[in-house]
Amino acid sequence: MNSNVARRQILSMVAGLILATPVLAQDSDKVLVVGASGGTGRFIIAMLEEQGYDVLPTSRNPERAAETVGGDFAWRQMDLTSRESVDAAVKDVDFVVTAHGATQAQGPNDPEQVDWIGTRYLIDVAGKIGVKHYVMISAASAGNPDAPLNERFGNVLVWKGRAEDYLRESGLPYTIVRGPGLRDNPGGVKPIVLEQGGSGRRLMEREDLATVTVAVLNNEAAMGKTFVARNGDDGATVDLQEQLQNLLPD
């Protein structure tokens, strides 16, 4: 067995203990995952597959993504900067999970085009086909016009904030998971904390962010809520379902 697969299976068992009562997929549940070839997206599609979902990842270059990421996924071609491309890719699915982000500060793949306009395309089509739940990974400081990152990266947090508002007003069942600064160490080591409010420098392993994202999918306790996910410094993770239930709706 591939060592990465083995580690994922172990972490999945750990996540199952943390989640207490995870929502299991039905045979026909199809999840479109946008940004699936990124650092967090790769964990998300692996975990969703392990939970029994029919996972449909998207990429601008599906052939390259399939080769790079591995696994046996039915990749769909999608370019977020093209409404026609989004319309063609977002069909025959029950859920949408987004883990995408801009790749340049200025240009055709900048935050305005990807995090705002492209996300708006996605939400519109998801609403048109009536997806059961739309899960968006956003940023801890989304909507803050004064954050220093805006100056360095094309007002990214402004555009992410507008995308969040658009999703809230769309009428779709949704959850917005705000990720902090992300790291690439193994997940399942530090406790996972879900909070609304709070301040200061917050960090999280990508694998743990993926665990949270999968935990909220099709989960009634997470519907209509926006929160920050982060790693704590020490201690045990409080049951994620309990944390979700204690969060306030938007």
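Structure values in brief
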{"read-out": "Debye log10 I(q)/I(0) for the chain, one point scatterer per Cα, at q = 0.13 Å⁻¹", "value": "-0.76"}
{"read-out": "DSSP-loop trypsin sites (Lys or Arg not before Pro) across the range 89-148, with at most 13 other Cβ within 10 angstrom", "value": "Lys91"}
{"read-out": "Prolate/oblate/rounded label for the range 139-211 (Cα gyration tensor, a/c 1.5)", "value": "oblate"}
{"read-out": "Probe 1.4 Å, all protein chains present, accessible-area order of Val34, Val189, largest first", "value": "Val189, Val34"}
{"read-out": "Alpha-carbon centroid distance for the pair the range 160-194 / the range 126-140, whole angstrom", "value": "12 Å"}
{"read-out": "Estimated FRET transfer efficiency (Leu248, Thr68; beta-carbon r; R0 35 Å; 0.05)", "value": "0.35"}
{"read-out": "For Ile192, residues with placed amide H under 5 Å, excluding near neighbours", "value": "Gly232, Thr237, Val238"}
{"read-out": "Vicinal HN-Hα couplings computed from phi for the range 208-219 (Karplus, 6.51 cos²θ - 1.76 cosθ + 1.60; Hz; Gly/Pro x)", "value": "6, 4, 5, 4, 5, 4, 5, 5, 7, 4, 6, 10"}
{"read-out": "Heavy-atom surface of the chain, accessible at 1.4 Å and reported per residue (Å²)", "value": "47 Å²"}
{"read-out": "222 nm mean residue ellipticity, helices alone, for the chain (DSSP H n ≥ 4; -39,500 (n - 2.57); rounded to 500)", "value": "-10500 deg cm²/dmol"}
{"read-out": "Value of relative contact order over the range 193-250, rounded to a whole percent, pairs C-alpha under 8 Å and six or more apart", "value": "52 percent"}
{"read-out": "Inter-label distance, nm, simple model (7 Å from Cα along the C-beta direction), Arg201/Gln106", "value": "2.9 nm"}
{"read-out": "Accessible-area composition of the chain, carbon plus sulfur, in percent [1.4 Å probe]", "value": "47 percent"}
{"read-out": "Translational diffusion coefficient (Stokes-Einstein; Kirkwood radius from C-alpha pairs) of the range 45-150 at 20 °C, 1.002 mPa s, in µm²/s", "value": "143 µm²/s"}
{"read-out": "For His133, residues with placed amide H under 5 Å, excluding near neighbours", "value": "Val96"}
{"read-out": "Solvent accessible area, Å² - Thr81, 1.4 Å probe, full protein context", "value": "50 Å²"}
{"read-out": "Over the range 94-250, relative contact order from alpha-carbon pairs under 8 Å, at least 6 apart, %", "value": "22 percent"}
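The values are calculated or read from the model by the stated rules, or taken from the named source; none is laboratory data. Just so we're clear, the structure is a prediction, and the values are computed from it rather than from any experiment. Methodologically, a virtual Cβ is constructed for each residue, glycine included, from the backbone with ideal geometry; neighbour enumeration extends over all protein chains shown. Keep in mind that these areas ignore ligands, DNA and RNA; they rest on the heavy atoms of the full protein, side chains included. Shrake-Rupley method; radii C 1.70, N 1.55, O 1.52, S 1.80 Å.
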